[in-house]
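Structure first, then comments.
Each reported figure results from applying straightforward, stated rules to the coordinates on display, with no laboratory input. Quantities reported herein were computed from a predicted structural model and do not represent experimental measurements. Cβ coordinates were reconstructed from backbone atoms using ideal geometry, including for glycine residues, and neighbour counts include every protein chain displayed.
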Amino acid sequence: MKEKATLRRSLTLFQVVFLGLAWNNPMVFFNTYGIAAESSKGLLTGAYIIAFMAILFTAASYGKMARAHPIAGSAYTYTQRSMNSETGFIVGWTILLDYLLTPMITCLMSAVFLSAEFPEIPFSFWIITLNIGITIVSLIGINFSANTSRIFVIAQIMFVALFVILTIKSVLGGMGTGTLISAQPFFNPNVSASVLFAGASLLCFSFLGFDSVTTLSEETINPEKTIPKAIFLMMLIMGLIYIGSSYLAQIVFPGFSFKNTDSAALELVKMIGGNLFSSLFITVMIIGNFTSGVSSVTSVSRVLYVMGRDAVIPKKIFGYIHPRFRTPSNSILVVSLVSFLGIVISLDTAITFINFGALIAFTFVNLSVIAHYYVKNHMRSFKETIQYLIFPLIGAGFIMWLWSYLDIHALILGISWVAVGFVYLLILTKCFRQRLRKLHFDDVNYEPMIVGCEEMRISVDS
């Protein structure tokens, strides 16, 4: 009997970190620089620090759930295992809204820059070419994707390092504040706290991507330890890049008055490095978007694979693993087809979708920590209460705060998507007369078993 192909467990800690950083895209600071500086009235660094602290609680919750359930599927798996399958399905369905559109958004962002540089070439050509390239890299294998991501992420970090050097040189030369030590990026008595928090709410979305590494649990060596470490390292690296870059940007260019808010980063890099540095900036920006596309396809295809394996979406299509490449090839191709919609969908419209899905996932992962550790496993000592109840509640509270800043169109489109998923769930469960977990459960799964304070995995046959 031919052995069924499965995901290959081969990723090391640093490969996982680089894939996560690729999804997050270190260059995203420059994408949001103008809008964020304007919304925070020049207190960009202070806003980044608040955003970092807000997301840190949710990142910790992802680490806890990755340790409890080292299975691909991210928020879908965590909610399904800690609460119930029906809620897990709705969460999984909702995060597809985020994950499915992210590869398309990366293609759109690159196409915008390329079309500006080469206006004679049709916009659709760039969407098609970039999408095909991302799909091929994603199909070949997880290690190839990880190694490609590592090279391109290092290129982005090198650009950020060059930006730091040129900025420091410019400031010491008398540009901006003329000093490397300033409280101006953090505090301004004329700017209210509400403005600072509004800026922070926008910047929270710059940290999205740490959750993507949890989708790689079944391809990671020793995922119970590796995935939480990868999340911590990612948050640390992103925090250093964003907070450090924002501080230097504000002291070399105080204030928030730009010729064009959307392209403010281009004004900034031209000011400190001239036309050559600005050309390098565009090149690295496109590289960053490409690697983000590869990593996001990797993530969403694993979520689709797990949902297909559980048969909550068509198993023959999404539960398939390519026998040679050991990748969920059908899921990758479906994501590629969705990304072609970038030819007819605008960047603004696509972005309104993804924030809704991310916030749903973040909310339920925080609640999953409480359900799994505090409620089910009765881990309620003073220290455990802080870890498994207080911190997740703080994380969920911050996420609920972000809900208040969502665009009304994002709410309408997101709720509509959830409504479609709920109708589909009614069909699957025959109006809840049958439990989803009993109807659709993989042949062999791994469930955590709490023994004292340690976790062990046991094989469970359905």
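Observations on the model:
- On Cα atoms only, tilt of 123-140 relative to the major axis of the chain in degrees: 50 degrees
- Entry note: region 1-47 has Rg to Rh equal to 1.38, where both radii use alpha-carbon atoms and Rh is the Kirkwood radius.
- Radius 15 Å from Cβ of VAL335, net charge of other residues (Lys, Arg +1; Asp, Glu -1): 0
- Taking Cα atoms only, the orientation of helix 408-429 departs from the longest principal axis of the chain by about 10 degrees.
- For GLU384 and ILE282, the difference between the fully extended length at 0.36 nm per residue and the C-alpha to C-alpha distance is 32.0 nm.
- On a per residue basis, the convex hull of the C-alpha atoms belonging to region 13-461 measures out at 143 Å³.
- Extension gain, VAL191 to ASN275: 0.36 nm times the residue separation minus the Cα-Cα distance gives 26.8 nm.
- Once backbone amide H atoms are built at 1.01 Å from N, THR220 has SER10, LEU11 as its partners under 5 Å, excluding neighbours fewer than 5 places away on the same chain.
- Cα lying deepest toward the dipole's positive end in region 278-349, options ASN289, ILE317, ILE345, charges on Cβ: ILE317
- Selection from GLY173, GLY414, PHE232, by position along the positive dipole direction of the chain (Cβ): PHE232
- Using the average count of surrounding beta-carbon atoms within 10 Å as a protection proxy, the listed peptides 380-393, 209-222, 233-246 rank, highest first, as 209-222, 233-246, 380-393.
- Its relative contact order, with pairs defined as Cα atoms under 8 Å and 6+ residues apart, puts the chain at 32 percent.
- Charge dipole of the chain about the Cα centre (unit charges at C-beta), most positive-ward option of ILE121, LEU162, SER368: SER368
- Pairwise label distance in nanometres, PHE14 with LYS169, each label 7 Å out on the Cα-Cβ vector: 2.8 nm
- Under the convention that each Lys and Arg Cβ holds +1 and each Asp and Glu Cβ holds -1, the size of the dipole of region 13-461 around its Cα centre is about 760 debye.
- By the helix-only formula, in which each DSSP H run with n ≥ 4 contributes -39500 (n - 2.57) and the sum is divided by residues, the chain has a 222 nm mean residue ellipticity of -22500 deg cm²/dmol.
- Cβ-based net charge around GLY357, under 14 Å, with every Lys or Arg adding one and every Asp or Glu removing one: -3
- Low-density loop positions, trypsin sites (Lys or Arg not before Pro), region 224-261 - DSSP coil, at most 12 other Cβ in 10 Å: LYS259
- Rounded to the nearest 10 degrees, the angle from helix 44-68 to the longest Cα principal axis of the chain is 20 degrees.
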